[in-house]
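The values are calculated or read from the model by the stated rules, or taken from the named source; none is laboratory data. Here the structure is a predicted model, which is why all the values come from computation and not from measurement. Cβ coordinates were reconstructed from backbone atoms using ideal geometry, including for glycine residues, and neighbour counts include every protein chain displayed.
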Amino acid sequence: MNHIFDFFFSQYQDYETLDIVLEIVAVIFGFLSVWFSKQNKIWVFPTGMISTVIFVYLLYKWELLGDMMINAYYFIMSVYGWYVWTRKVDATHVTPISTTTKKENIISAGIFLATLLFVFVVYQIFDKWTGWVAYVDTFTTAIFFVGMWLMARRKIENWIFWIIGDIISVPLYFYKGFTFTSLQYLGFTIIAIFGYLAWKKSLNKRITTV
């Protein structure tokens, strides 16, 4: 039993207690944010903002620039998403769940490519190309940037990007030594699958009643 515990959590023996507590709190609020997103509730944004603020601090301290930029971007897009989700499209309805338009698909591709270039430049400046993890980081950052933008606009396709990025992040964060965060992404993957199905059901219901 001790061997199993050491395998998953031995990397925390050199961490400050406060940092471990903060990571756990960030993970809890991260779970809440994804759960509220699945439920199509506005609380996705305030809970997500708490999680991202904590992670920005921790990731900056741990010198994980790509991950830090993801969370800083999440915070900014949460503010934008909060506005979009509460904006009324008529006298009684707020922005509904919908599918992406051709223009939004083009913008998504642009965000993906721009993010790859941006992270590449940042990693070059700070000399962070130290192994294969940096390349995976760059790819997942681009995936999550697109997913967050689509979620902020209440587009069902956001879940596809989350699922892909979450699956990659589970072994990636465990390899980096952040077991709690790795388990968080495992939970995110499961919730994202159910989130897609729930949003799909809601979207189909709205279409049939229009």
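Observations on the structure shown:
- Scanning the stretch 32-46 for any residue that is aromatic (Phe, Trp, Tyr), surrounded by fewer than 16 Cβ atoms within 10 Å (Cβ to Cβ), under 25 Å from residue 190 (Cα atoms) and free of Cβ contacts under 8 Å to residues at least 12 places away in the same chain turns up at least one such residue.
- When the criteria are applied in full, residue 42 meets the requirement of being within 28 Å of residue 203 (Cα to Cα), aliphatic (A, V, I, L, M) and outside any helix (DSSP H, G or I).
- Check on residue 135, over 23 Å from residue 77 (Cα atoms) and free of Cβ contacts under 8 Å to residues at least 40 places away in the same chain: yes
- Residues located in the stretch 72-99, provided they are assigned to a loop (DSSP other than H, G, I, E, B), in contact (Cβ under 8 Å) with a residue 24 or more places away in the chain and farther than 13 Å from residue 154 by Cα: none
- The stretch 149-171, subset free of Cβ contacts under 8 Å to residues at least 24 places away in the same chain and over 12 Å from the mean Cα position of the chain (by Cα), residue surrounded by the most Cβ atoms within 10 Å (Cβ to Cβ): 170
- Looking across 144, 118, 139, one residue alone is closer than 18 Å to residue 70 by Cα and buried (at least 20 other Cβ atoms within 10 Å of the Cβ). It is 144.
- Listed conditions (1) of a type outside the set (Phe, Trp, Tyr); (2) in a helix (DSSP H, G or I); (3) crowded, with 16+ Cβ neighbours inside 10 Å; (4) at pLDDT 90 or above are all met by residue 69, apart from (4).
- Of the candidates 102, 200, the single residue that is in contact (Cβ under 8 Å) with a residue 40 or more places away in the chain, surrounded by fewer than 19 Cβ atoms within 10 Å (Cβ to Cβ) and over 15 Å from the mean Cα position of the chain (by Cα) is 200.
- Residue 53 vs. criteria surrounded by 15 or more Cβ atoms within 10 Å (Cβ to Cβ) and out of contact with any Pro (no Cβ under 8 Å at 6 or more places or on another chain): yes
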